[in-house]
Amino acid sequence: MSAITERRERERAQRHQLIITAARELAETEGWEAVTTRRLAERVEYSQPVLYSHFNGKEAIMRAVALEGFGELAALLRAAQPGGLRAVAGAYLAFAAERPALYQAMFVLPTDVKFAHAETPPALRACFDAFVGCFAAGHPRRELFAEVSWGALHGIAALAENGRIPPEGQADRLDVLVTQFAGG
């Protein structure tokens with residue numbers, strides 16, 4: 001590969017990442033409704049056709065944002081895993097609270113990212129594996145327990161984000177999940 005080709009590929013990858021970063025920033029400050037290809041083009045100082053050469057519309061940009069988010073969440077959950085379910089669950093809830101627009105792209109807004117499927121992206125599988133790892137290797141239903149734990153945490157995160165449950169009860173909710181469901 002020539003030096004010119006390598007440089008062009010590097011520049012394309014940088015533009016690609018710039019678009020993803022701009023979408024995340026715009027969503028976090030103004031919400032996903034504000035993320036349009038027109039606004040992104042202005043923000044990254046490229047034309048809309050350049051954006052479309054990277055992504056086939058807003059949904060594709062949101063998918064890229066979600067996949068990046070799954071990679072970040074997987075790293076956080078892996079780092080918390082030695083502390084067991086309590087630590088993993090706490091890291092998950094903190095992630096959701098600190099990055100609400102990213103969390104929406106990952107779990108709330110429509111996307112073609114497949115869960116529990118042969119096409120599940122590796123970063124998403126790594127998130128799930130962090131939950132599975134919280135249960136003993138010999139546990140006969142450890143994947144089911146991981147799914148239910150994750151589902152409960154998603155419910156808590158969504159209700160907290162919408163202000164439907166008070167934030168001061170978050171530690172108690174986490175305690176109930178860990179002690180009653182997972183046995184400590």
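Here, each number is a calculation from the coordinates, and none is a lab measurement. Please read these numbers as outputs of a predicted model, since none were measured by experiment. Here the Cβ positions follow ideal geometry from the backbone for every residue, glycine too, while neighbour counts run over all protein chains shown.
Just to confirm a number: summing +1 for Lys and Arg and -1 for Asp and Glu over residues other than Gln14 whose beta-carbon lies under 11 angstrom from that of Gln14, what do you get?
Values: positive: Arg7, Arg8, Arg10, Arg12, Arg15; negative: Glu9, Glu11.
Computed value for this residue: +3.
If you put +1 on each Lys and Arg Cβ and -1 on each Asp and Glu Cβ, how big is the dipole of the chain around its Cα centre, in Debye rounded to 20?
I would put it at about 340 debye.
Using helices alone, what [θ] at 222 nm do you get for the chain, with -39,500 (n - 2.57) per DSSP H run of 4 or more residues, divided over all residues and rounded to the nearest 500?
Rounded to the nearest 500, the figure is -21500 deg cm²/dmol.
Provide the per-residue ³J(HN,Hα) series for segment 67-74, in order, calculated from phi with Karplus coefficients 6.51, -1.76, 1.60 and θ = phi - 60°, each as a whole number of Hz, with x at glycine and proline positions.
5, 4, x, 4, x, 5, 5, 4
Lys and Arg at +1, Asp and Glu at -1: add these up for the other residues within a Cβ distance under 14 Å of Leu159 and post the number. Don't skip to the answer; put the middle values down first.
Values: positive: Arg164, Arg173; negative: Glu161, Glu168, Asp172.
The answer is -1.
What FRET efficiency do you get for Ile165 and Arg7 if R0 is 45 Å and r is their Cβ-Cβ distance, rounded to the nearest 0.05?
0.30
Placing unit charges on C-beta atoms (Lys and Arg positive, Asp and Glu negative, everything else neutral), compute the dipole magnitude of segment 1-55 about its Cα centre in debye, rounded to 20.
Details: 9 positive and 9 negative charges, 50 e Å.
About 240 debye.
Specify the residue with the greatest mean-square fluctuation among Leu67, Leu109, Leu85, computed from a Gaussian network of the chain linking alpha-carbon atoms under 10 Å apart.
Of Leu67, Leu109, Leu85, the Gaussian network model singles out Leu109 as fluctuating most.
How big is the Kirkwood radius of the chain, worked out from every pair of different alpha carbons and given in Å to one decimal?
Roughly 18.0 Å, rounded to one decimal.
Using 7 Å Cα-to-Cβ label points, what is the Thr21/Ala97 separation (nm, one decimal)?
The answer from the label model is 2.8 nm.
If I model a spin label at Phe115 and Val50 as a point 7 Å from the Cα along the Cα→Cβ vector, what separation in nanometres do I get?
With each label placed 7 Å out from Cα toward Cβ, I get 3.7 nm.
Convert each backbone phi in segment 92-104 into a coupling constant with the Karplus relation 6.51 cos²θ - 1.76 cosθ + 1.60 (shift: θ = phi - 60°), then list the ³J(HN,Hα) values in order as whole Hz, x for Gly and Pro.
4, 5, 5, 4, 4, 6, 7, 9, x, 5, 5, 4, 4
List the GluC sites (Glu not before Pro) within segment 23-76 that DSSP assigns to loop and that have no more than 16 neighbouring Cβ atoms inside 10 Å. Don't jump to the answer; show the numbers that get you there.
Working: sites: Glu25, Glu28, Glu30, Glu33, Glu42, Glu45, Glu59, Glu68, Glu72; in loops: Glu45.
Qualifying residues, ordered by number: Glu45.
Counting other C-beta atoms within 10 Å, and keeping those with at most 13, which DSSP coil trypsin sites (Lys or Arg not before Pro) do you find in segment 25-120? If you can, show how the numbers build up before the last one.
Values: sites: Arg38, Arg39, Arg43, Lys58, Arg63, Arg78, Arg86, Lys114; in loops: Lys114.
Passing sites in segment 25-120 are Lys114.
Using θ = phi - 60° and the Karplus curve 6.51 cos²θ - 1.76 cosθ + 1.60, what whole-Hz ³J(HN,Hα) does each residue of segment 143-153 get, with Gly and Pro shown as x?
Working through the residues one at a time gives 5, 5, 4, 5, 4, 5, 4, 4, x, 5, 5 Hz.
Would you mind putting 125-133, 14-22, 157-165 in packing order, based on average other-beta-carbon counts within 10 Å, highest first?
Peptide ranking by packing, descending: 125-133, 14-22, 157-165.
What residues of segment 130-166 lie in the reach of a label at Val108, counting those whose backbone N is under 17 Å from a point 7 Å from the Cα along Cα→Cβ?
151-166
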